[in-house]
Structures are given as C-alpha cells and as structure tokens.
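The values are calculated or read from the model by the stated rules, or taken from the named source; none is laboratory data. Worth saying up front: this structure is predicted, and the values here are computed from it rather than measured. Cβ: placed from backbone, ideal geometry, glycine included. Neighbour counts: every protein chain shown.
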Amino acid sequence: MTAPEPADASVVARVLAGDQEAYAVLVRRYRPRLGRYATRMLGSAEDAEEALQDTFVRAYRSLARCAEPERVGAWMFTILVNRCRTSGARATRRARTFVTLGRDDAASAAVQEASARGPAADEQLAWREEIDRALATLDTAQREAFLLKYVEELSYEEMAESTGVGISALKMRVKRACDRLRELLQEAYSG
Amino acid sequence: MARDRMDDVSDGTADDAALRRVAAALREPSAADRALEARAAAIEANVMRAIARPADETLGRTEVARPLPTHRPWLLRPRTVSVRPLTALATAAAVLLAVGVGASVLRDRAPVAQTTIAAAEGAPSAVAPAADTVRIVQFVLLAPGAREVALVGDFNHWQGGSTPLHRASAAGLWTVELPLPAGRYTYTFVVDGSHFTPDPAAPRALADDFGTPSSVITVGGGHT
C-alpha cells in the first residue's frame with residue numbers, strides 16, 4: 001500500500017522550513033494542469049515550457065506570500081495566468097498568426113498517429129488544428145477568458161481572483177471570444 | 001462530422017453546446033501537451049536547479065531586488081558616515097487593526113518617517129551621495145492589537161521570519177530599520193503570522209501577481 005500524497009499545506013510548510021527538495025512534489029503535482037493551460041494560451045510547447053519553469057521558480061521565491069497554502073495550486077495558477085498574459089502580448093506584437101502545435105517532430109508524430117487510426121482520427125486532428133488556429137487569433141485577454149471559463153471551468157469569481165479583472169469585464173471578454181470563435185470556425189467550414 | 005458541429009453553431013439555441021464541444025476538444029491532450037509531457041523530467045530538473053541558485057541569477061526573469069548584505073560589508077567600508085538631521089516622526093499612520101475580528105481601517109496618509117544615514121566619503125550632507133550608498137530605512141506600522149508583526153518584501157525574499165518588527169510603544173507602534181541599497185522595493189507587513197497589511201502611508205503596488213496587498217518604496221535618488 002503506497003503512502004498517501006502529502007497535502008499541499010504540509011508540503012508548503014516543509015519548503016518554507018528549508019526543505020528545498022520537497023518543492024519537487026508541488027512541481028510534479030501541478031505541472032500537468034498548468035502545462036495544459038500554458039500550451040493552449042501560448043500555442044507552443046516551447047513557450048509553454050518556458051512559462052511553466054518561470055512560474056514554478058517565481059512561486060518558490062515567493063512561497064511565503066501564499067496566504068492559503070492549502071490552495072497553493074490555485075495560487076500558482078494565478079502566477080501562470082499573469083506570466084502567460086505577458087508572453088501572449090509579446091507574441092501578438094510579433095504578429096504570430098499561426099499556431100505551432102509543438103515541436104515539428106511532435107506535430108508530425110500526431111499526424112502519423114491520427115492517420116494510423118483512420119479517417120475519423122484524421123478529421124479529429126483537423127478539427128483540433130482549426131480550433132487552435134482560431135484560438136490563436138483571439139487577443140490575449142479574450143483567449144485567456146475563454147480558456148479559463150470553458151477549458152479550466154473556473155467560476156467567474158475564481159477567474160476574477162486569478163486575473164485581477166472584474167467579473168463584468170470577464171463576462172464581456174468571454175462573450176466576445178465565443179462570438180469570434182464561432183465566426184472563425186464557421187468560416188473555416190463554409191469555405 | 002465537422003460540418004455537423006458548425007451547423008450546430010449557426011443555430012442560436014445550440015450556441016452553448018457547440019462551444020462546449022470546442023472546449024471539450026481543447027481539453028483533450030494535444031501534440032503540444034505530449035511534447036511538454038515528454039519534457040516533464042527536464043522541466044522538474046530545471047526548476048529544482050534554478051531554485052537552488054541565488055534569486056538574482058535565476059533565469060534572468062525573476063525580478064527580485066539584490067539580497068540584503070547580511071555580513072555587514074557596508075559597515076566595514078572605509079567611509080565617513082554622515083548623519084542627516086533626523087526627520088521627525090510625523091503623526092504615525094492611524095491604522096487600527098482588530099486582528100481576527102474584522103478590520104476597521106482608518107487610512108491616514110501621514111508619511112512614514114525615514115531615518116537615513118548617507119555613507120559618503122567625508123562629504124557634507126548637501127552633496128549627492130555615492131551611487132552605491134546604502135540607506136537605513138525605518139518601517140513603521142501602528143497595530144495595537146497585534147501580537148507580532150513582520151516585514152516581508154523583495155529585500156528579504158518575502159521570508160516572514162527574517163525581519164520581525166519590534167513593539168516600540170505601549171500604544172502599539174511597531175518598527176524596524178533596514179539598510180537598503182538604492183532601488184525600488186515591494187513589501188508588506190504580516191500581522192500575527194497570517195494577515196497581510198500594506199503600508200497605509202506608502203503607494204500601493206500595482207498588478208500584484210500573487211494576490212498579496214503590498215506597497216512600494218523607492219530608496220535612493222535625490223531624497224527618500
């Protein structure tokens with residue numbers, strides 16, 4: 001019987017007491033969820049990896065500022081959201097309009113894998129690529145709001161806590177993101 | 001199948017359902033997710049290596065002020081220390097904290113008094129201090145109901161235990177003095193170990209990524 005995973009608050013206390021190695025528990029625990037948001041927000045595995053590492057290091061350096069250690073994951077997510085917002089703004093200025101699905105070898109592998117699974121998988125992959133492209137054309141604020149609401153399934157209160165933006169503004173961003181995605185995805189299939 | 005999805009989108013009543021299918025597709029692992037997953041061990045190793053290094057060397061992106069010199073090198077410098085006339089402690093910030101009961105905050109913008117000692121090479125106080133001058137900055141908080149108050153900020157890596165304030169008066173005035181090089185620092189007070197309280201007499205920090213109410217002080221320049 002394996003030992004139960006230590007609770008977040010307990011791990012945070014150990015790290016603050018000087019057990020630096022204990023921080024790896026939090027990194028392993030939250031990397032998948034944070035990574036998922038980062039890849040969708042930033043559009044590439046490379047950018048997501050950079051944002052993820054920066055977030056974890058920043059969180060470590062400021063762990064004493066986490067007012068609710070039992071919710072350290074949500075606190076780290078807030079740091080990541082802000083980090084991605086900065087990266088997203090830089091990407092917009094670089095006029096990046098095409099989503100890279102990761103390293104070329106990963107994208108190729110995905111295509112090969114889908115082809116091996118048959119036509120339905122091919123279509124699924126194509127659908128996902130269209131969604132990713134449409135998502136990349138949203139401005140940073142709208143993409144962030146859509147992902148937090150529809151993919152991360154946060155409540156508007158939780159979104160406000162993570163972003164520092166008021167609920168009314170968030171609702172407007174979500175609506176505009178939805179309208180734009182609808183329009184873009186309809187164009188993709190009517191052409 | 002894709003065309004069916006988009007037909008749903010054109011029907012106003014099915015909008016939410018169509019968008020939820022988009023969201024469901026986004027929740028499925030992508031090629032980028034798999035690429036990131038393949039890098040999991042490397043990411044963890046990079047993070048653990050980075051946190052083992054001093055903060056100002058880490059990744060070049062973490063904005064942390066240079067660590068306080070803990071070994072008193074500034075005291076050992078061969079400089080003449082001239083003391084400026086003390087700035088009188090103006091009316092202390094009348095911040096009443098009823099810790100644990102709910103705060104009743106009266107914001108008083110009376111300035112935090114700052115006592116500075118300029119390290120200069122025999123120069124009178126009218127001469128601009130050397131660029132690497134360290135100043136003694138006094139932080140003050142009025143918290144009569146507090147059992148303990150600590151100062152956390154960029155200058156001590158937000159480590160609560162490293163800079164406790166001491167109770168300077170029966171009325172609940174808590175103070176600490178820190179030698180700080182010139183620069184801009186974000187900080188806050190921690191009352192009774194858990195209550196973050198910004199300095200009522202200092203500008204609030206903007207866009208705090210951590211949700212911590214905090215303040216900003218700029219040390220150095222022509223005056224502090």
Here the residues within the stretch B:155-192 that are within 20 Å of A:ALA59 (Cβ to Cβ), part of a loop (DSSP other than H, G, I, E, B) and of a type outside the set (Phe, Trp, Tyr) are B:HIS157, B:GLN159
Which helices (runs of 4 or more DSSP H) sit wholly inside the stretch A:1-84 and have at least 3 residues that are at the interface with chain B (Cβ under 10 Å from one of its Cβ atoms) and at pLDDT 95 or above? A:23-42, A:45-61
Give A:LYS175, A:LYS149 a once-over and let me know the one that is among the basic types (Lys, Arg), more than 17 Å from A:ARG36 (Cα to Cα), within 11 Å of another protein chain (Cβ to nearest Cβ) and in a helix (DSSP H, G or I). A:LYS175
Tell me which residues, restricted to the stretch B:29-47, are of a type in the set (D, E, K, R), at the interface with chain A (Cβ under 7 Å from one of its Cβ atoms) and out of contact with any Phe, Trp or Tyr (no Cβ under 9 Å at 6 or more places or on another chain). B:ASP33, B:ARG34, B:ARG39
Considering each residue of the stretch A:165-178, count those that are small (Gly, Ala, Ser) and in contact (Cβ under 8 Å) with a residue 24 or more places away in the chain, and give that number. 1
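Being within 14 Å of chain A (Cβ to nearest Cβ), more than 17 Å from A:CYS66 (Cβ to Cβ) and hydrophobic (A, V, I, L, M, F, W, C) is the filter; apply it to the stretch B:151-181 and report the residue that is surrounded by the most Cβ atoms within 10 Å (Cβ to Cβ).
So, considering only residues that are within 14 Å of chain A (Cβ to nearest Cβ), more than 17 Å from A:CYS66 (Cβ to Cβ) and hydrophobic (A, V, I, L, M, F, W, C), the one surrounded by the most Cβ atoms within 10 Å (Cβ to Cβ) is B:PHE155.
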Among the residues of the stretch A:139-152, the number that are surrounded by fewer than 22 Cβ atoms within 10 Å (Cβ to Cβ) and under 14 Å from A:VAL81 (Cα atoms) is 5
I need every pair where a residue in the stretch B:42-56 that is in a helix (DSSP H, G or I) has its Cβ under 7 Å from the Cβ of a residue that is modelled with pLDDT of 95 or more and among the basic types (Lys, Arg), sequence separation at least 6 or different chains. B:ILE43/A:ARG31; B:GLU44/A:ARG28
Test result for A:ALA177, surrounded by 17 or more Cβ atoms within 10 Å (Cβ to Cβ) and over 20 Å from B:PRO29 (Cβ atoms): yes
When you check A:ARG96 against the structure, is it modelled with pLDDT of 55 or more, more than 7 Å from chain B (Cβ to nearest Cβ), within 16 Å of A:THR140 (Cβ to Cβ) and out of contact with any strand residue (DSSP E or B) (no Cβ under 8 Å at 6 or more places or on another chain), yes or no? no
